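Report on the following structure.
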Amino acid sequence: MRPFHVLFIGDVVGHVGLQEVLRQLPELVRKYTADVTIVNGENIVDGKGLSDKEANELFAAGVHCITTGNHVWDNWKSRPLLKENPHVLRPYNYPQENPGRGWSLITLPDQRQIGVLQIQGRVYMQPIDDPFKAADHAIARLASHTKIIITDFHADASAEKIAMGWYLDGRVSAVIGTHTHIQTADARILPKRTAYISDVGMSGPYDSVIGLKKEIALKRLMLQTAHKYENATDDVRVCGAHVVIDADTGRALSIEAFSSPPPITTVVTQ
Ligand SMILES: [Fe+2]
Ligand SMILES: [Fe+2]
């Protein structure tokens, strides 16, 4: 059977990030022969969540599932969306009285099914429910439907992220880190064939401090007071990962992180 190809796009920041994702998506889907596309949308509206409008634009462009994270709760318009759309996820281990779901089952036109799970870390973040126990609970349910399970682990500390990678190795197809907006150089296949990366990076303006205008970020850090969030607008890139999975076993075959366009790392001088 042909391997299963997953395109995962990291935290979309601002409408400039959304427009660039929408612009590049057809080419990325073609390039990576993606069977399923997952996008983290926790920062689309001024860094805070997303509404129906942005979600509908992504779904109309062919996205199958939108994951979010801690900033989705900052946008009141996200809550009805989380409640009503089973393919817009919030981390599963938030207290269950909150609206929304933490996992979903996507059925493709050829009837293949893929599970998507989102959990959130607790180190340097809100002390929500145990993400490890939450993952056990969701995987037990998803595994009765499909062997292909993609996990978005929305967390800050790299130690907590790789710990989750080891915990889920062999039980899910991929553990993909989001939230820090900085792509890590540690994509690998763990021994029991789970694809892993600590963070896939941001899809948004890189002439910034993780999406925020540099001047505002510096004021916040240097003055230690609140300053209004404003998205940066320049050097917009789409970052993510392409994961290839054995369709029969659900085990990962490869993972490749990408930045489109790539960052400038060398300046050629005369
Ligand atoms: Fe984010
Ligand atoms: Fe986040």
Seminar exercise, completed: Per residue, the convex hull enclosing the alpha carbons of the chain has a volume in Å³ of 143
Seminar exercise, completed: Expected max-MSF residue from E215, E97, E160 in the GNM of the chain (alpha carbon, under 10 Å) is E97
Seminar exercise, completed: In degrees rounded to 10, the 0-90 angle between helix 214-223 Cα long axis and the longest Cα principal axis of the chain is 80
Seminar exercise, completed: Most exposed first, judged by fewest Cβ atoms within 10 angstrom, V12, V267 run V267, V12
For this session: Quick one: what are the phi-derived ³J(HN,Hα) couplings along the stretch 93-109, Karplus 6.51/-1.76/1.60 with θ = phi - 60°, whole Hz, x for glycine and proline?
Result: 8, 5, x, 5, 6, 5, x, x, 10, x, 8, 8, 10, 9, 10, 7, x
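So what's the stretch 69-197 giving for Rg/Rh, alpha carbon basis, Kirkwood Rh from the mean inverse pair distance?
Values: Rg = 14.2 Å, Rh = 15.0 Å.
Looking at the stretch 69-197, the ratio lands at 0.95.
Filter the chymotrypsin sites (Phe, Trp or Tyr not before Pro) in the stretch 72-180 down to the DSSP loop ones having no more than 16 other Cβ atoms within 10 Å, then list what survives. Numbers along the way, then the final one.
Working: sites: W73, W76, Y92, W103, Y124, F132, F153, W166, Y167; in loops: W76, Y92, Y124.
Passing both the DSSP loop test and the Cβ count: W76, Y124.
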Exercise. Arranged by the count of other C-beta atoms within 10 angstrom, fewest first, what order do L81, L190 take?
Worked result: L190, L81
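Which pairs break 29 Å Cα to Cα here: K48/K214; K48/K133; K83/K213; K31/K77; K53/K161?
Numbers: K48/K214 18 Å; K48/K133 27 Å; K83/K213 32 Å; K31/K77 34 Å; K53/K161 31 Å.
Correct reply: K83/K213; K31/K77; K53/K161.
Quickly estimate the mean residue ellipticity at 222 nm for the chain, helices only: each DSSP H run with n ≥ 4 gives -39500 (n - 2.57), and the total goes over all residues, rounded to 500. Can you show the working numbers first?
Details: 6 runs with 67 residues, N = 270.
-7500 deg cm²/dmol, from helical runs alone.
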Exercise. If amide H atoms are built 1.01 Å from N in the plane of the peptide, which residues on other chains or at least 5 residues away come under 5 Å of the amide H of L253?
Worked result: V244, I245, D246
Problem set entry | At most 14 other Cβ within 10 Å, DSSP loop - trypsin sites (Lys or Arg not before Pro), the stretch 106-151 | none
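No lab work stands behind these numbers, since they all come straight from the coordinates. Quick caveat: nothing in here was measured; it's all calculated off a predicted structure. A quick note on method: Cβ atoms are made from the backbone with ideal geometry, for glycine too, and the neighbour counts reach across all protein chains shown.
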